[in-house]
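**Q** One structure coming up, written as structure tokens, with questions to follow.
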Amino acid sequence: MCTIFVTEEHLCVFPGDHLRVCPQGSTCCTSEMEDKFGQRSKLELENLVDETSHELRSTFVSRHKKFDEFFLELLENTERSLNEMFVRTYGKPYMQNSEVFQNLFAELKRYYTGGNVNLEEMLNDFWSRLLERMFTLLNSQYVITEDYLECISKYTDQLKPFGDVPKKLKAQVTRAFIVARTFVQGLSVGREVASRVSKVSSTPACIRALTKMMYCTYCQAMPSVKPCNNYCLNVMKGCLANQADLDPEWNQYIDAMLLVAQRLEGPFNIESVMEPIDVKISEAIMNMQDNSVQLSYKVFQGCGQPKPSGMGGRSTRGVSDVFNARFRPYSPEERPTTAAGTSLDRLVIDIKEKLKLFKKFWSNLPEDICKPHRVTAGNATDDDQCWNGHTKGRYFPEVLKDGLTNQVNNPEVGVDITRPDTFIRQQIMALRVMTNKLKNAYNGNDIYFQDSSDEGSGSGSGSGCTEACVTEFDFASTEAPVVGADRSGSGPMEDSAAATHPAPSAALLASLALSALALHRLWR
């Protein structure tokens, strides 16, 4: 590079008046060499930031991929498990109505992948459709019209045909999916922000300061002398001032991600919610089967007696024949595994450890870059043997604080503190929005549907009801047990069934109840 000097102690003898960055005393550099040093300095900073942020970026890329694959695979396995169990248990009646369950999983997947789905409304709709299909199946000796089903749906909350299962499952599924989707979205935002901010855009003042710090030693015949640590810190704090301003919002984002990760481990764990969902839905079906006589009686009171189908008893007996009373759910060992056997808990433990390491990443960037093995001379004992920007010796200016406003008196880099980087401000806003979503998800709320629970408060008003409907059911006037009550008090139900329904419906009820009760006992 420079061939005039004999030893590092003897400076080159060319006059340096032509130099614009390096000291203008005796030098061994031409202006062309100085320009090339400037170009190299720009690339050097880009490479240093890229190298320093590599683990951060690769972690967000890989963990986002792992979590996304895990959740999608969990959904697919759960749907397959439910389908196989219900085909084996309920046979033809299930297969004829399987689209109700397929739509449920399709909507859950659409929500998870970012679709505009109101989970609460969607789940309410699922139970309404299931009620319609079940009521029609259990009362197949009658003609059940669309208007009649609409009348029934108006009073679903009062009838509680599936007991408490829909309410409990709605709370569990809604919270779990909100947390899972928001966490994966959070990983995606972190991935994008880290990728974008790691691509630095150097100002001319920064490039001048980098050139002076990294390459002017060559012009002074001291190529092996490294910059002083504090000198490097001031240069990097000036060049990366806008990146440091990302840190406060970044730290809040990391804290919010860690909080939501705790939810993934706890009661909002989507794995613990989805794996037994087939059993929970079957339990709900059992609730309706156990109380179908009372349910039908109350419906007939409120919506009127439907017309007989005129089909006789053959069709209902045919339906009951395909039910398999020897129901057996999957044991935990038989359940399909997800993501090559990994569990959500293991993934969460891993990501929490990683996220904690990335707090204060952007404000620590100058220190990470100025480590001795990368750029600087070393520790304080070598202060007088390092490059201070002018010669080999101590660097006396104090190290400035982080961020743009603290660079007003930066001795090495001219920084215009009145002009924040617009691109960095966009990333700050993206983190702020994501942090708000994460905080809502931590509380089990989806910010797009926070008011959805209030929208259904007026249901059951009877609006839109046909002439067969009445505005309210008078449940107090009947001696039938309340739907969802303790099964120990439902003994007389079977006796009343024979009086209320023809024999085929009773046979269907008994067959359904046997299979569901077997499931209930095995699961308990």
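**Q** Kindly indicate whether L48 is buried (at least 17 other Cβ atoms within 10 Å of the Cβ), hydrophobic (A, V, I, L, M, F, W, C) and over 14 Å from the mean Cα position of the chain (by Cα). Show your work before the answer.
**A** On the way: buried (at least 17 other Cβ atoms within 10 Å of the Cβ): yes; hydrophobic (A, V, I, L, M, F, W, C): yes; over 14 Å from the mean Cα position of the chain (by Cα): yes.
So L48 fits the description; yes.
**Q** Out of N230, N234, I need the residue that is out of contact with any Phe, Trp or Tyr (no Cβ under 7 Å at 6 or more places or on another chain) and assigned to a helix (DSSP H, G or I). Which one? Outline the logic, then answer.
**A** Working: N230 fails: out of contact with any Phe, Trp or Tyr (no Cβ under 7 Å at 6 or more places or on another chain).
The conditions single out N234.
**Q** Further question: Out of all the residues in the stretch 44-83, which are free of Cβ contacts under 8 Å to residues at least 40 places away in the same chain, among the polar types (S, T, N, Q) and farther than 26 Å from N269 by Cβ?
**A** Listed by number, the residues that qualify are N47, S58.
**Q** Identify, please: which residue in the stretch 71-97 is crowded, with 20+ Cβ neighbours inside 10 Å and under 16 Å from the mean Cα position of the chain (by Cα) and is, among those, nearest to T182 (Cα to Cα)?
**A** F71
**Q** Next question. For the subset of the stretch 117-153 comprising residues that are assigned to a loop (DSSP other than H, G, I, E, B) and in contact with a helix residue (DSSP H, G or I) (Cβ under 9 Å, 6 or more places away or on another chain), which member is surrounded by the fewest Cβ atoms within 10 Å (Cβ to Cβ)?
**A** Step one: filter the stretch 117-153 for residues assigned to a loop (DSSP other than H, G, I, E, B), giving 117-118, 139-141, 143-145.
Filter once more, so that each one left must be in contact with a helix residue (DSSP H, G or I) (Cβ under 9 Å, 6 or more places away or on another chain): 117-118, 139-141, 144.
Values: V117: 20, N118: 17, N139: 22, S140: 21, Q141: 20, I144: 20.
Here the answer is N118.
**Q** For D68, work out the one condition from (1) open to solvent by 40 Å² or more (accessible area, probe 1.4 Å); (2) under 27 Å from F300 (Cα atoms); (3) touching a Ser or Thr at 6+ places or on another chain (Cβ under 9 Å) it doesn't fulfil.
**A** (2)
**Q** Residue under question is Q450, and the condition is that it be in contact with a strand residue (DSSP E or B) (Cβ under 9 Å, 6 or more places away or on another chain), modelled with pLDDT under 90 and open to solvent by 60 Å² or more (accessible area, probe 1.4 Å); does it hold?
**A** no
**Q** State which residue pairs qualify: first residue of a type in the set (D, E, K, R) and inside the stretch 84-98, second residue open to solvent by 10 Å² or more (accessible area, probe 1.4 Å) in any location, beta carbons under 6 Å apart, and separation of 6 or more residues or different chains.
**A** These pairs meet every condition: K92/V322.
**Q** Of F423, F396, which residue is free of Cβ contacts under 8 Å to residues at least 12 places away in the same chain, among the aromatic types (F, W, Y) and either open to solvent by 60 Å² or more (accessible area, probe 1.4 Å) or touching a strand residue (DSSP E or B) at 6+ places or on another chain (Cβ under 6 Å) (or both)?
**A** F396
**Q** Also: I'm trying to understand the selection: among the residues of the stretch 343-368, which are more than 28 Å from N77 (Cα to Cα), assigned to a helix (DSSP H, G or I) and open to solvent by less than 20 Å² (accessible area, probe 1.4 Å)?
**A** Within the stretch 343-368, L355, L365, P366 meet the criteria.
**Q** Regarding R181, is this residue in contact (Cβ under 8 Å) with a residue 60 or more places away in the chain, open to solvent by 50 Å² or more (accessible area, probe 1.4 Å), under 30 Å from K66 (Cβ atoms) and not acidic (D, E)?
**A** Taking the combined requirement at face value, the residue does not satisfy it.
**Q** Moving on to the next point. When you go through K212, K160 one by one, which is the residue that is basic (K, R), closer than 30 Å to N291 by Cα, buried (at least 18 other Cβ atoms within 10 Å of the Cβ) and touching a residue at least 40 places away in the same chain (Cβ under 8 Å)?
**A** The match here is K160.
**Q** Looking at A380, A340 in this structure, which one is over 30 Å from L264 (Cβ atoms) and modelled with pLDDT under 75?
**A** The match here is A380.
**Q** What number goes with the only condition from (1) open to solvent by 60 Å² or more (accessible area, probe 1.4 Å); (2) of a type outside the set (A, V, I, L, M); (3) modelled with pLDDT under 50 that C469 does not pass?
**A** (1)
**Q** Within the stretch 245-259, can you find the residues that are open to solvent by 10 Å² or more (accessible area, probe 1.4 Å) and closer than 22 Å to F67 by Cα?
**A** Correct list: N251, Q252, D255, L258, L259.
The values are calculated or read from the model by the stated rules, or taken from the named source; none is laboratory data. Keep in mind it's a predicted model, so treat the numbers as computed, not measured. Reconstructed Cβ throughout: ideal geometry from the backbone, glycine too, with neighbour counts over all protein chains shown. Calculation scope for accessible area: heavy atoms of the full protein, side chains included, ligands and nucleic acids excluded. Shrake-Rupley method; radii C 1.70, N 1.55, O 1.52, S 1.80 Å.
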